[in-house]
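J.: Here you go, one structure.
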Amino acid sequence: MNYGTITKVLGNLLIVEAGLMVPSLLVALYYNQSDKRAFLISIVITSIVGFIMSKSFENKKGIKAKEGLAIVAFGWILISFFGSLPFVFSGSISSWIDAFFETVSGFTTTGATIVDNVEILPKGILFWRSFTHWIGGMGILVFTIAILPNLGVGGFQIFKVESPGPSPDRIVPKVKNTAKILYTTYFIMTILEIILLLFGGMTLYDAIVHTFGTVGTGGFAIKNESIGAYNSTYIHLVIGVFMILSGINFSLYYDIYKGKGKEAIKNEELRLYLGIIFVSVILIALNINKNIYHNIGLSFRDSFFQVGSIITTTGYATADFNQWPTFSKIILFSLMFIGGCAGSTGGGIKNIRILVLLKLIKREITKIFHPRAIIPIKTNDKVLPNETVAGITSFFILYILVFILGTIIISLEGIDFESSAGAVAATLGNIGPGIGLVGPTQTYSQFSQWGKLLLSLFMLLGRLELFTIIALFAPSTWKKEILSKNA
């Protein structure tokens with residue numbers, strides 16, 4: 001294990017994070033509120049620690065799989081810890097564990113909050129809270145790769161571990177250029193949504209922070225009623241559409257830019273994703289119209305928004321879907337597991353894995369009638385290696401096991417089954433609001449300190465797709481390292 005390289009990269013990461021706090025400091029200075037001192041202290045502390053770490057060890061070139069895994073896992077924990085400093089120093093959140101929970105929720109784009117009244121928080125804190133979504137959406141280490149070319153050889157190991165999906169690939173040969181292309185697309189979508197929200201009557205501040213939560217599929221709101229506070233069909237539709245766009249694999253946008261629009265439209269994962277949204281919107285709209293709304297237009301509007309919010313794991317709300325019929329809640333609960341597409345800012349299991357699992361089931365049924373048939377699993381006319389299919393199956397099984405075990409443990413908090421399952425599904429899938437006691441009008445403040453730490457772990461597990469965190473802390477990983485040193 002190259003500890004020097006790991007420490008140096010993590011130090012550079014903290015320096016980057018300190019720089020990313022500057023816009024929030026400027027917002028605090030502009031509004032002249034009490035949080036400006038907190039940001040200044042946080043920036044200084046984070047910069048000093050990052051500088052010391054980056055200069056303390058010699059950077060030996062080469063980041064292999066094990067180093068990449070350690071950098072990503074420890075990197076996300078570090079940025080969450082130092083990112084929580086403004087909350088604590090400003091007094092917005094008094095408990096370190098609560099602040100850590102809020103920051104992990106921000107960077108992992110979960111949007112689960114322990115703040116019962118967000119409207120009393122200073123403007124700079126609210127900006128930082130939402131900005132963490134935008135930073136974490138594409139991946140802060142991918143961002144670091146894009147701006148720090150001194151990572152050099154082995155940068156793909158970081159990109160591969162942090163990027164969502166079963167088999168992330170470079171868009172172009174150099175991973176640094178791939179990261180830049182992804183962030184350019186990300187930036188363009190951000191600017192476009194801000195402009196459209198301004199046309200809808202939002203202030204510039206509101207448009208920016210809500211865009212951060214939308215394209216990052218995070219969902220931290222600055223109003224207690226979330227997006228429902230804006231009684232505007234136009235605003236609901238703009239945010240709803242951009243949530244769905246942000247749940248699509250960003251590499252497809254590059255394909256469209258390169259004139260490969262037909263190939264992008266034929267993408268099987270995209271078709272499954274849009275198909276699930278289409279069917280879910282219709283079923284929920286008809287269900288809530290019959291039982292609650294009795295207005296087909298409003299039914300489709302709120303159904304479209306909530307389906308888009310849940311499947312993309314954004315977590316914004318325009319209605320309290322906790323009050324919807326059981327049929328609609330079951331559909332939304334199912335969407336929490338499916339999530340967005342691989343290579344998007346969305347969480348969950350990902351549509352590509354669902355697609356492969358469906359094809360795997362179809363193959364096994366076919367082999368009942370044709371036992372000697374050799375039927376490869378294909379996506380987009382490409383045969384998937386057996387290792388990839390096995391990895392997807394393993395991931396799905398592990399995801400469900402973690403969900404079940406997590407639900408059992410969280411139930412020790414003394415809450416009902418619906419709320420326990422909802423809390424774990426919402427944090428593991430990086431969604432935010434769940435069902436029951438953690439519905440869209442509730443917060444996670446009711447959980448104990450150990451419960452919040454456990455849910456923070458679920459958020460990290462979901463964002464880094466289980467294996468990264470589990471492999472890092474597996475005894476065998478470090479045992480092999482020790483044996484190799486003693487050999």
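J.: What is the extension gain from Asn231 to Leu29, computed as 0.36 nm multiplied by their sequence separation minus the C-alpha to C-alpha distance, in nm to one decimal?
T.: Values: separation 202, 0.36 × 202 = 72.72 nm, distance 3.03 nm.
Working it through step by step, the gained length comes to 69.7 nm.
J.: Out of residues 5 or more away from Thr379 or on other chains, whose amide H comes under 5 Å of its own, with H placed 1.01 Å from N in the peptide plane?
T.: Leu384
J.: Which Cα, out of Gly422, Asn249, Ile311, lies furthest along the positive dipole direction of the chain (beta carbon charges, K/R +1, D/E -1)?
T.: Asn249
J.: Within the set Lys66/Lys350; Lys262/Lys382; Lys329/Lys452; Lys260/Lys359; Lys8/Lys36, which residue pairs have Cα atoms separated by over 22 Å? Walk me through the numbers on the way to the answer.
T.: Details: Lys66/Lys350 25 Å; Lys262/Lys382 17 Å; Lys329/Lys452 24 Å; Lys260/Lys359 26 Å; Lys8/Lys36 29 Å.
Violating the 22 Å Cα-Cα cut-off are Lys66/Lys350; Lys329/Lys452; Lys260/Lys359; Lys8/Lys36.
J.: Modelling each spin label as a point 7 Å along the Cα-to-Cβ direction, I'd like the Leu412/Lys262 distance in nm, to one decimal.
T.: Label-label distance for Leu412 and Lys262, simple model: 5.9 nm.
J.: Pulled fully out, how much extra length does the chain show between Asn386 and Arg271, if you take 0.36 nm times their separation in residues and subtract their Cα-Cα distance? Mind dumping the intermediate values first?
T.: Working: separation 115, 0.36 × 115 = 41.40 nm, distance 2.35 nm.
The Asn386-Arg271 span can extend by a further 39.0 nm.
J.: Still on this structure: Through the Karplus equation 6.51 cos²θ - 1.76 cosθ + 1.60, θ set to phi - 60°, convert the phi angles of segment 114-119 into ³J(HN,Hα) values in whole Hz; use x for Gly and Pro.
T.: 10, 8, 7, 9, 6, 6
J.: Shifting gears a bit: How many angstrom lie between the C-alpha centres of segment 256-281 and segment 1-30?
T.: For segment 256-281 versus segment 1-30, the Cα centre distance is 36 Å.
J.: Oh, and also: Is it possible to state the helix-based mean residue ellipticity at 222 nm for the chain, with each DSSP H run of 4+ residues giving -39500 (n - 2.57), the sum divided by total residues, to the nearest 500 deg cm²/dmol? What is it? Working shown, then result.
T.: Working: 23 runs with 321 residues, N = 487.
Result for the chain: -21000 deg cm²/dmol, rounded to the nearest 500.
J.: Another question, then. Arrange the peptides 429-436, 9-16, 447-454 so that the one whose residues have, on average, the most other Cβ atoms within 10 Å appears first. Don't skip to the answer; put the middle values down first.
T.: Values: 429-436: 29.0, 9-16: 22.9, 447-454: 16.9.
The densest-packed peptide leads the list: 429-436, 9-16, 447-454.
J.: Where does the Debye-calculated log10 I(q)/I(0) of the chain sit at q = 0.12 Å⁻¹, using only Cα point scatterers of equal weight, no solvent?
T.: Treating every Cα as an identical point scatterer, log10 I(q)/I(0) equals -1.08.
J.: Further, regarding this structure: So for each of 415-424, 187-196, 208-217, 379-388 I average, over its residues, the number of other beta carbons within 10 Å; can you give me the resulting order with the highest mean first? Intermediate results must be reported in sequence, preceding the final value.
T.: On the way: 415-424: 20.8, 187-196: 16.7, 208-217: 28.2, 379-388: 12.2.
Packing proxy ranking, top to bottom: 208-217, 415-424, 187-196, 379-388.
J.: Give me the percent relative contact order of segment 295-383, please, defined on Cα pairs under 8 angstrom at least 6 residues apart. Let's see the in-between values first.
T.: Details: 74 pairs, mean separation 16.8, N = 89.
Value for segment 295-383: 19 percent.
J.: Once you list every other residue whose beta carbon is under 12 Å from the beta carbon of Asn430, what net charge do they have if Lys and Arg are +1 and Asp and Glu are -1?
T.: +1
J.: May I ask which residue of Gly218, Ile15, Leu121 lies farthest towards the positive end of the charge dipole of the chain, with charges of +1 (Lys, Arg) and -1 (Asp, Glu) on Cβ and the Cα centre as origin?
T.: The listed residue farthest towards the positive side: Ile15.
J.: Which order, highest average first, do 265-275, 220-230, 288-298 follow once you tally other Cβ atoms within 10 Å for each residue and take the mean per peptide? Provide the component values of the computation, followed by the final result.
T.: Numbers: 265-275: 17.4, 220-230: 20.4, 288-298: 15.2.
Ranked from most to least packed, the peptides come out as 220-230, 265-275, 288-298.
J.: Using the crude model of +1 on Lys and Arg Cβ and -1 on Asp and Glu Cβ, and no other charge, please compute the dipole size for the chain relative to its Cα centre, in debye to 20.
T.: Computed about the Cα centre, the dipole is about 1760 debye.
J.: At 20 angstrom or more along the helix axis (alpha-carbon based) and mean Kyte-Doolittle of 0.0 or higher, what helices does the chain contain? Whole DSSP H runs only. List each step's numbers first, then the result.
T.: On the way: long enough: 3-20 (25 Å, 1.09); 36-56 (30 Å, 1.30); 65-83 (26 Å, 1.52); 123-138 (24 Å, 0.26); 175-199 (37 Å, 1.39); 268-288 (30 Å, 1.76); 296-311 (22 Å, 0.95); 351-369 (28 Å, 0.86); 386-410 (35 Å, 1.98); 449-463 (21 Å, 0.87).
Span-like helices in the chain: 3-20, 36-56, 65-83, 123-138, 175-199, 268-288, 296-311, 351-369, 386-410, 449-463.
J.: While we're here: Based on other C-beta atoms within 10 Å, arrange Asp116, Asp98, Asp320 from fewest to most. Please list the in-between numbers first.
T.: Numbers: Asp116 11, Asp98 22, Asp320 15.
Listed from fewest to most nearby Cβ atoms, that is Asp116, Asp320, Asp98.
No lab work stands behind these numbers, since they all come straight from the coordinates. It should be emphasised that the depicted structure is a prediction, and the values quoted were computed from it without experimental measurement. Methodologically, a virtual Cβ is constructed for each residue, glycine included, from the backbone with ideal geometry; neighbour enumeration extends over all protein chains shown.
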